[in-house]
Amino acid sequence: MRILPRPTWVLSVAILLVFGTVLVIDGTVRGSTLTEAPAPAVAGPNGQVPFAVAHGAPVVDVRSSPIRTFAPARGTIAFTIDGGPDPSRTAQLLGVLSHFGVPATFFVSGAVVAQHPEAARSILGAGSEIGIRTFTSQDLASVSDTRLDRELTLTELALAGAVDRTTYLVRPPYSASVAGLDDEHFALVRRLADHGMVSVFSDVSAAGWTRRTTDEILATVVTPDKAGRVISVDASEGGPAQLASALARVIPALRDRGYTFATVTRATGLPPAGQQARERDKAVGDGMLAVVAVSTTIVAALGWLLLVAGGLVLLRLALMLVFAIYHSVRRNPKRFRWGPPVTAPVSVIVPAYNEKECIAATVRSLMASEHPIEIIVVDDGSTDETAAIVRGLNLPGVRLIRQANGGKPAALNNGIKHARHEIVVMIDGDTVFEPSTVRLLVQPFARPEVGAVSGNAKVANRKKLVGRWQHIEYVIGFNIDRRIQDLLGCMTTIPGAVGAFRRTALLQAGLVSDDTLAEDTDLTMAVCAAGWQIVYEERARAWTEAPTTLQQLWRQRYRWSYGTMQAMWKHRGSVFRSGPAGRMGRVGLLNLALFQVMLPMLAPLIDVFLVYGLVALDPVRTLQLWGAVLGIQMLSGLLAFGMERENPLPLLWMPLQQLVYRQMMYAVLIKSMGTALAGVRLRWQKLKRVGDFGGAGAAAGGR
């Protein structure tokens, strides 16, 4: 038996591959904190650093022997800008440099060039030159040769695609002056030279210039002999406007003292840094930039979708605070009455297919009902002992109707056909009622406009983890939605486990349809579309056996999800109608679309960005944001459990539920949409039952 239709597997795998690739690419160009090596706090031993380097000029060429170092000519300043190129910061610094006619050497990160190629092009357009800080600008002194080669290759490709140039100038990350070189970092200089690179250090650091006066800055730059200087400027320091302002003060002051300005290569007499990229590298670089552009655009879009998900979470919390709490207060049984007591007998229909584990407890719980009822068990072609068990109970008022297997809708319709009373209660064969359930469930029919009533379905088997997760979902999700929809007059689903209908409303709705896999949602919408009001009676509780394994849960939620989408599409015309049908269409379908389709699909982005943020962004801030979202959900859970008068201890499992259960619901929705797009028609899938009601059967009178 094929559980998953092949087209949905293909679509699901394709989506996962696309999103995984996008996140990996975007995470790579942003720099991975998992591979980041921290800058050394204290320099190590330097016995292997040659004297000519440690006491030499800031530009070091170890590509050949002997080692050569180069310094700017006397009276020449070479500004070097570290970091970027950032569209905003680079533009402000270039604006100041261009205003004074000063070129500079920008040491850029390949990852940033890949994200902002236009900023790299603006550097060359302003007459400055480009060097590199490798791809991720991480400390590469202790990395493997393979990693170093990859860093340089990716950077060269990024430059080739952005500016059609390569460069031989490099500033080793976390470097300052040659005097501070230790053995490990000088070894890096040699490894860079093996790739044809010349390392550029600095004589003066511009750190703190934004907080110093012009005279204080000049004191660190100007020497009695007007020696040439390489000045390193960290583009990420402080605000770009303050840094640009500091340069705007220093440049004219140095010019007044007779200094001139040049790029590193011009100041030291080296060949130009920019070299024409090979045609092959240019083509690969263009492709790389295109892929990065698509990836960053998708991640940016996902970021906006994450904001939408956060907004929906907050909106749902607001609705809960306003509507659900108001519903709980308004329906206080001490003050609220539907009208005159409804005492007329009702017909209870129990569709059953291979329910031998549960059917006895279900029927016995109904027999304990405080309200006069007839019980109709419709055996839908069971191949086990379901019919024999019902017959063997030999209980008065219980009728057994047997039919060939035709599905749950056919069984319900057959039961409706044989029902003797106007009010019909429907209950699943794996559910037990409390003695008061039927009585409470039918009281809203005191109002003639009410055509159907939803009860409160609860998970009975909560001992295992999967059951606890569903218990949380029922309380926080389904039942809160019903409170809100009840007040708004747009109920979209009466659960198959516990619902009551007027026979007249059922006939006007066309009885139970098999057009969808969510016959309860379809029927509810059809009754509403027929002009009837549907309400929620939270006190009419039914205890149902939830799936006990993830595989069974997957099958059930897949059917629910796909069937709900079918029902939404089937009743889409209600959007343009008036009365209860219009409210259901405009408000109820919108509620389903937002909170049962869109939010479950977007919610996993919270966890996706948790992993992504830990890897590629700021892990502390990422954990803070994820914790804030979890806190909001915990608050929602506490409110919901309070309204249901449930023990809140199961909420301790919510963090794990967010990381596992929600991801499965996400996959279910993707698969459902894929099935719909592929045009696959699914059949009903029976879940395996074990008859575990967690003690609810006895409490409900099912001894």
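Once the range 163-182 is narrowed to residues that are in a helix (DSSP H, G or I) and touching a strand residue (DSSP E or B) at 6+ places or on another chain (Cβ under 9 Å), the residue that is nearest to Gly125 (Cα to Cα) is Val163. Name the residue, out of Ser137, Ser142, Ser199, that is assigned to a loop (DSSP other than H, G, I, E, B) and either buried (at least 21 other Cβ atoms within 10 Å of the Cβ) or touching a Leu at 6+ places or on another chain (Cβ under 6 Å) (or both). Of Ser137, Ser142, Ser199, the one residue that is assigned to a loop (DSSP other than H, G, I, E, B) and either buried (at least 21 other Cβ atoms within 10 Å of the Cβ) or touching a Leu at 6+ places or on another chain (Cβ under 6 Å) (or both) is Ser137. Among the conditions (1) hydrophobic (A, V, I, L, M, F, W, C); (2) surrounded by 15 or more Cβ atoms within 10 Å (Cβ to Cβ); (3) more than 26 Å from Gly47 (Cβ to Cβ), the only one that Ala219 does not satisfy is (2). Scanning the range 567-599 for residues that are surrounded by fewer than 22 Cβ atoms within 10 Å (Cβ to Cβ), in contact (Cβ under 8 Å) with a residue 12 or more places away in the chain and not in a helix (DSSP H, G or I) yields a single hit, Arg577. Taking first residues from the range 406-435 that are touching a residue at least 40 places away in the same chain (Cβ under 8 Å) and partners that are surrounded by fewer than 19 Cβ atoms within 10 Å (Cβ to Cβ) and of a type in the set (Ser, Thr, Tyr), the Cβ contacts under 8 Å between residues at least 6 apart in sequence or on separate chains come to Pro409/Ser513; Glu422/Thr504. Per the listing Val62, Val49, the residue uniquely surrounded by 17 or more Cβ atoms within 10 Å (Cβ to Cβ), over 30 Å from Pro240 (Cα atoms) and not assigned by TED's automatic domain parsing to the domain that holds Gly127 is Val49. Whether a residue is over 25 Å from the mean Cα position of the chain (by Cα) and modelled with pLDDT of 95 or more was assessed, and Leu517 does not pass this test. Assessment of the range 439-461 against the conditions (modelled with pLDDT of 95 or more, among the charged types (D, E, K, R) and touching a Lys or Arg at 6+ places or on another chain (Cβ under 7 Å)) yields no matching residue. Of the listed requirements (1) out of contact with any Phe, Trp or Tyr (no Cβ under 7 Å at 6 or more places or on another chain); (2) in contact (Cβ under 8 Å) with a residue 12 or more places away in the chain, Val342 misses just one: (1). Filtered by the rule that a residue be in a helix (DSSP H, G or I) and without any contact (Cβ under 8 Å) to a residue 12 or more places away in the chain, the range 624-651 gives Gln624, Gly627, Ala628, Gly631, Gly642, Leu649. Listed conditions (1) at pLDDT below 90; (2) part of a helix (DSSP H, G or I); (3) polar (S, T, N, Q) are all met by Thr155, apart from (1). Against the criterion of being closer than 30 Å to Tyr326 by Cβ, crowded, with 24+ Cβ neighbours inside 10 Å and touching a residue at least 24 places away in the same chain (Cβ under 8 Å), Ala546 qualifies. Being at pLDDT 80 or above, in the same structural domain as Arg468 (by TED's automatic domain parsing), under 16 Å from Tyr661 (Cα atoms) and not basic (Lys, Arg): is that true of Gln633 here? So Gln633 passes the test. Out of Val198, Val230, one residue alone is β-branched (Val, Ile, Thr), in contact with a Phe, Trp or Tyr (Cβ under 9 Å, 6 or more places away or on another chain) and over 17 Å from Ser137 (Cα atoms). It is Val230.
Within the range 453-460, is there a residue that is out of contact with any Ser or Thr (no Cβ under 9 Å at 6 or more places or on another chain), closer than 17 Å to Pro333 by Cβ and either hydrophobic (A, V, I, L, M, F, W, C) or not assigned by TED's automatic domain parsing to the domain that holds Glu644 (or both)? There is at least one residue in the range 453-460 that is out of contact with any Ser or Thr (no Cβ under 9 Å at 6 or more places or on another chain), closer than 17 Å to Pro333 by Cβ and either hydrophobic (A, V, I, L, M, F, W, C) or not assigned by TED's automatic domain parsing to the domain that holds Glu644 (or both).
The values are calculated or read from the model by the stated rules, or taken from the named source; none is laboratory data. Only a predicted model underlies this, so the values are computations on that prediction, with no experimental measurement involved. Because the Cβ atoms are built from the backbone with ideal geometry, glycine has one as well, and the counts that use them run over all protein chains shown.
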